[in-house]
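Read the figures in this text as sums done on the coordinates, not as results from a lab. Here the structure is a predicted model, which means the values were calculated and not measured. Because the Cβ atoms are built from the backbone with ideal geometry, glycine has one as well, and the counts that use them run over all protein chains shown.
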Amino acid sequence: QAKITGRNRYHFFDADLDEQVRTHHNRRTEVWNAVRANELVLYYQPKLDMRKGRIIGMEALLRWEHPLRGTISPGDFLPIVEHSDVIVDIGEWVLREALRQLQSWRAFDPAWVISVNIAARHFQRHDFVERLKTILGEFPDVPPHMLELEILESSALSDIAHVRSIMLDCQALGISFALDDFGTGYSSMSYLKRLPADMLKIDQSFVRNMLVDRDDLHLVSAVIGLARSFGLGVIAEGVETIEHGAMLMRLGCDLAQGYGIARPMPADDVLSWVASFDTAAVWQAAAVLPPI
Ligand code: C2E
Ligand code: MG
Ligand code: MG
Ligand code: MG
């Protein structure tokens, strides 16, 4: 009796697994079709120098405009393809689209930098640098130093020596690197020592609670201190209020991104948003508040 139950259970499990594999395969195909059907779009979130009251650039953030389900966030579809080469096709599409967009914004402000998130699998391909050179060559009006790549510290970055050499090759072209969500992984310190980053991005989970949670405040302050001692830039993400911005400036971090400045928006809204952003004055006023 027990044996039969066991075997039945095994069969059930087997069917389940088969179903899971099939569903995963279907979902991956669905994402791949979305690329080909031009259903992917980029939204842009401004990066602000709070002290100068200046927009310094935009981060490109992927969205899937699904014909039936509406706008889908990257966290809901990138994980489906991050272990397949679909992530490479998507990544190259994002690079081209972001550079094309920056090229058209250069008439408005030639100092803007475009930041693009790159998946570990894409980044670690043997031909990453060659293909990136080809893509940059398609946009002769965009100097490579206007491109910043954001990489996540993750177990997917397994071969640090290899990652380091790719970063150095890109930097030789003028491209810079930010370590995204800095401080959330297990190996932040070792990455800091072994990877030639240009910028640390303080994770929004620390920033969000830093005004009410002293531990988070200490973490934010420590990351700013690390950036300073290593001679790197530092930017905070998840800046939702002017109070967050004021505290960051007091701690020595002038660059910020967050809903308190602007939510990610379609490319067509960017220039009119910038024109209406005279609240920059508010951020500058916060900068001169006396320390608490
Ligand atoms: P990320 O690069 O760390 O981007 C920050 C995320 O936080 C974005 O979510 C952004 O919309 C959101 N955010 C910005 N400010 C605030 C704020 O003040 N409060 C809160 N609660 N959230 C804020 P999004 O666009 O859903 O992207 C999620 C993640 O997906 C990104 O995290 C990035 O890791 C990944 N991603 C986005 N676009 C791409 C892409 O083109 N390629 C790759 N490989 N990954 C991407
Ligand atoms: Mg990012
Ligand atoms: Mg981040
Ligand atoms: Mg993130």
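Couple of notes before you dig in:
- Between Arg22 and His218, the distance separating the two model label sites (each 7 Å from Cα on the Cα→Cβ line) works out to 5.4 nm.
- Loop-resident sites, region 101-176, for chymotrypsin sites (Phe, Trp or Tyr not before Pro), counting at most 14 other Cβ within 10 Å (DSSP): Phe108
- For region 27-74, convex hull of alpha carbons as volume per residue, Å³: 83 Å³
- Inverse mean reciprocal Cα-Cα distance (Kirkwood Rh) of the chain, Å: 20.8 Å
- The amide H of Asn117, built 1.01 Å from its N in the peptide plane, has Ala60, Glu150 as neighbours under 5 Å, considering only residues 5 or more places off or on other chains.
- On the beta carbon distance between Asp269 and Glu243, with R0 = 25 Å, the FRET formula returns roughly 0.45.
- Applying a DSSP loop filter and a limit of 13 other Cβ atoms within 10 Å to the GluC sites (Glu not before Pro) in region 68-162 leaves Glu138.
- Computed [θ] at 222 nm, helices only, for the chain once each DSSP H run of length n ≥ 4 contributes -39500 (n - 2.57): -16000 deg cm²/dmol
- Extension reserve of the Thr184-Lys52 stretch, reckoned as 0.36 nm per residue once the Cα distance is removed: 44.6 nm
- Rounded, prolate or oblate (a/c below 1.5 giving rounded, otherwise prolate when a/b exceeds b/c) for region 208-270 by Cα gyration tensor: oblate
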